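Asker: Structure incoming, see below.
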Amino acid sequence: MQDVVEKVYEQVVARNRGEAEFHQAVREVLESLGPVISKHPHYAEDGLLERIVEPERQIMFRVPWVDDAGAVHVNRGFRIEFNSALGPYKGGLRFHPSVNAGIIKFLGFEQIFKNALTGQGIGGGKGGSDFDPHGRSDAEVMRFCQSFMTELSRHIGPNTDVPAGDIGVGGREIGYLFGQYKRLRNSYDAGVLTGKGLAWGGSLARTEATGYGTVLFAQSMLATKGDSLEGKKIAVSGAGNVAIYAIEKAQQLGAKPITFSDSSGYVVDEAGVDLELLKQVKEVERGRVADYVSRRPGARLVTEGRPWDVPVDVALPCATQNELDADSAASLLRNGCAVVAEGANMPCTPEAIEAFQAAGILYAPGKASNAGGVATSALEMEQNAGRTRWDFATAEAKLTGIMADIHDSCVAAAETYGRPGDYVLGANAAGFTRVADVMIAHGIV
Ligand code: NDP
């Protein structure tokens, strides 16, 4: 790392003690900026780097709620409004017991550059709670969401901050959150949340967008080598929104996904994932991956580890951060895996990324490859503002165009800064320069 960048990183570590994931995300971006700052030293002037690593605003609040048995629970809520240079803060809400200030901060920081890469007018934010929706009744989830929104509603708005879903927050939760927002504000601000139901302002293709976009990005990377996903075996982790629609798009493009997972283990289905059954188990029944295996002859459940030991051509980590480490990377490379595209945020550890890059395989960081979700959220905002609704083909065509543009701008930036094929440098440089140019234009704020 260059001296100027190293100093900023040291300050981040000193100021944000114990927030390991945030340090990791900042380090990855700052490391990429060496060649950018060498070529354009003005990006290191006027405290620009110091400002970009400091959130504009962080909110932390108490979320009390009552369970079905009458017991009171107290969770912690977070919203981080990281950077509004390009537009209203935009980023999902995560409900998972592992959520803390550092996790939300890393996600918010990543979101700045991801949103910039989409080319749309959206700033970076993120939020969530350490609430665990697993095993909770609909009524409990509703009461939690209502309490969470009672505080959050003071801070968000269609032109201020527009949350969406993430781990543990899907259509059901967005519905309860929107209902409470509308009740508190006495205003039908459809554009205050994205990921809404189709009957009340949602966009067609938003549910599919992150998974579809990740696979489209992998396809674009392969195209640079004159190859495609046709006939490729794929390992997917996760069995949520991103994983399911990554599997769907991969199948549409002629590939064969053979794994998926949740926190209880992973499934190997050598015949190819039965997507209809997986959707039934996960989306309809809210079941566990074992429920798939019990109804699918030939599929097996592995309760230890993650799916990266299964021999495949392509890996799509779509569950959570740091789920693919150096040992997993070594195993994938040993088995001939030639493409890794991140559907999740920061799923590969720095050591795993180093191994992929040293081996010269195609590796896409999430801030580029999973940007299709937020891009389609911005399309949802556009439809809400115009009080219109596009058909699926129109929304999907826009998503496909945006993913191709993100891919091409990563490739172009990597070439400009002397490291062709380095998608990490390409994504960070292209995202950073777009935000930095606007921050400079806005003055020291
Ligand atoms: P979901 O809640 O729909 O699914 C998450 C999946 O990952 C579940 O199968 C879950 O299993 C598994 N998982 C989560 N945490 C862990 C863990 N600590 N260990 C093992 N398995 C885990 O979330 P999404 O699909 O929406 O999100 C997945 C990833 O994609 C996240 O990193 C998210 O930030 C990222 N992302 C999501 C976008 C979106 O549009 N939804 C947009 C861009 C990125 P279990 O149910 O057992 O916990």
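Asker: Kindly indicate whether any position in region 254-272 is surrounded by fewer than 21 Cβ atoms within 10 Å (Cβ to Cβ), free of Cβ contacts under 8 Å to residues at least 24 places away in the same chain and more than 12 Å from the ligand (Cβ to nearest atom).
Answerer: yes
Asker: Go through (1) open to solvent by less than 50 Å² (accessible area, probe 1.4 Å); (2) within 26 Å of Ala364 (Cα to Cα) one by one and return the number of the condition Leu48 breaks.
Answerer: That leaves (2) as the condition not met.
Asker: Can you find, within region 311-354, the residue that is nearest to the ligand (Cβ to nearest atom) among those that are of a type in the set (Asp, Glu) and farther than 24 Å from Thr224 by Cα?
Answerer: Among residues in region 311-354 that are of a type in the set (Asp, Glu) and farther than 24 Å from Thr224 by Cα, the one nearest to the ligand (Cβ to nearest atom) is Glu323.
Asker: Among residues belonging to region 64-78 that are surrounded by 16 or more Cβ atoms within 10 Å (Cβ to Cβ) and touching an Asp or Glu at 6+ places or on another chain (Cβ under 7 Å), point out the one that is nearest to His134 (Cα to Cα).
Answerer: Going through the qualifying residues, I end up with Asn75.
Asker: Got a sec? Which of Glu81, Glu45 is within 15 Å of Leu107 (Cβ to Cβ) and not basic (Lys, Arg)?
Answerer: That would be Glu81, the only listed residue that is within 15 Å of Leu107 (Cβ to Cβ) and not basic (Lys, Arg).
Asker: Same structure again: Tell me, yes or no, whether region 317-326 has at least one residue that is over 24 Å from Lys114 (Cα atoms) and not aromatic (Phe, Trp, Tyr).
Answerer: The answer is yes; a qualifying residue exists.
Asker: Still on this structure: Can you give me the number of residues within region 91-120 that are away from the ligand (no atom under 11 Å from the Cβ), outside any helix (DSSP H, G or I) and more than 16 Å from Gln24 (Cβ to Cβ)?
Answerer: Residues in region 91-120 being away from the ligand (no atom under 11 Å from the Cβ), outside any helix (DSSP H, G or I) and more than 16 Å from Gln24 (Cβ to Cβ): 3 in total.
Asker: Among the residues that make up region 356-363, is at least one of them within 9 Å of the ligand (Cβ to nearest atom), of a type in the set (Gly, Ala, Ser) and outside the structural domain of Leu117 (by TED's automatic domain parsing)?
Answerer: no
Asker: Select from region 332-352 the residues that are within 12 Å of Pro311 (Cβ to Cβ) and open to solvent by less than 20 Å² (accessible area, probe 1.4 Å) and list them in ascending order.
Answerer: Leu332, Cys337
Asker: Still on this model: From the list Val63, Val74, Val99, Val26, which residue is free of Cβ contacts under 8 Å to residues at least 24 places away in the same chain and either of a type outside the set (A, V, I, L, M, F, W, C) or over 26 Å from Gly401 (Cβ atoms) (or both)?
Answerer: From the options Val63, Val74, Val99, Val26, the qualifying one is Val74.
Asker: Now, a different point. Go through region 184-219 and count every residue that is among the hydroxyl-bearing types (Ser, Thr, Tyr) and surrounded by fewer than 21 Cβ atoms within 10 Å (Cβ to Cβ).
Answerer: Qualifying residue count for the region: 2.
Asker: Which of (1) in contact with a strand residue (DSSP E or B) (Cβ under 6 Å, 6 or more places away or on another chain); (2) more than 16 Å from the ligand (Cβ to nearest atom) does Pro163 not meet, given it meets every other one?
Answerer: The failed condition is (2).
Asker: Is one or more of the residues making up region 235-253 without any contact (Cβ under 8 Å) to a residue 12 or more places away in the chain and open to solvent by 30 Å² or more (accessible area, probe 1.4 Å)?
Answerer: Yes, region 235-253 contains a residue that is without any contact (Cβ under 8 Å) to a residue 12 or more places away in the chain and open to solvent by 30 Å² or more (accessible area, probe 1.4 Å).
Asker: Let me ask another. Pick out the one residue from Ser377, Ser331 that is among the polar types (S, T, N, Q), free of Cβ contacts under 8 Å to residues at least 24 places away in the same chain and either over 20 Å from Leu198 (Cα atoms) or touching a strand residue (DSSP E or B) at 6+ places or on another chain (Cβ under 7 Å) (or both).
Answerer: After ruling out the rest, the residue left standing is Ser331.
Asker: Please give the number of the condition Ala375 fails out of (1) buried (at least 24 other Cβ atoms within 10 Å of the Cβ); (2) small (Gly, Ala, Ser); (3) away from the ligand (no atom under 12 Å from the Cβ).
Answerer: Against the list (1) buried (at least 24 other Cβ atoms within 10 Å of the Cβ); (2) small (Gly, Ala, Ser); (3) away from the ligand (no atom under 12 Å from the Cβ), Ala375 comes up short only on (3).
Asker: So, in region 238-252, exactly how many residues are in contact with a Phe, Trp or Tyr (Cβ under 6 Å, 6 or more places away or on another chain) and more than 13 Å from the ligand (Cβ to nearest atom)?
Answerer: Qualifying residue count, region 238-252: 1.
Asker: Further question: Which one is farthest from the ligand (Cβ to nearest atom), of the residues in region 291-310 that are among the small types (Gly, Ala, Ser) and touching a helix residue (DSSP H, G or I) at 6+ places or on another chain (Cβ under 9 Å)?
Answerer: Ala299
The values are calculated or read from the model by the stated rules, or taken from the named source; none is laboratory data. Note that the coordinates shown come from a computational prediction; the quantities given were computed from them, not determined experimentally. Using ideal geometry, Cβ is built from the backbone for each residue, glycine included, and neighbour counts are taken over all protein chains shown. The protein model used for the area step is the full one, side chains on, heavy atoms only, and it has no ligands, DNA or RNA in it. Shrake-Rupley method; radii C 1.70, N 1.55, O 1.52, S 1.80 Å.
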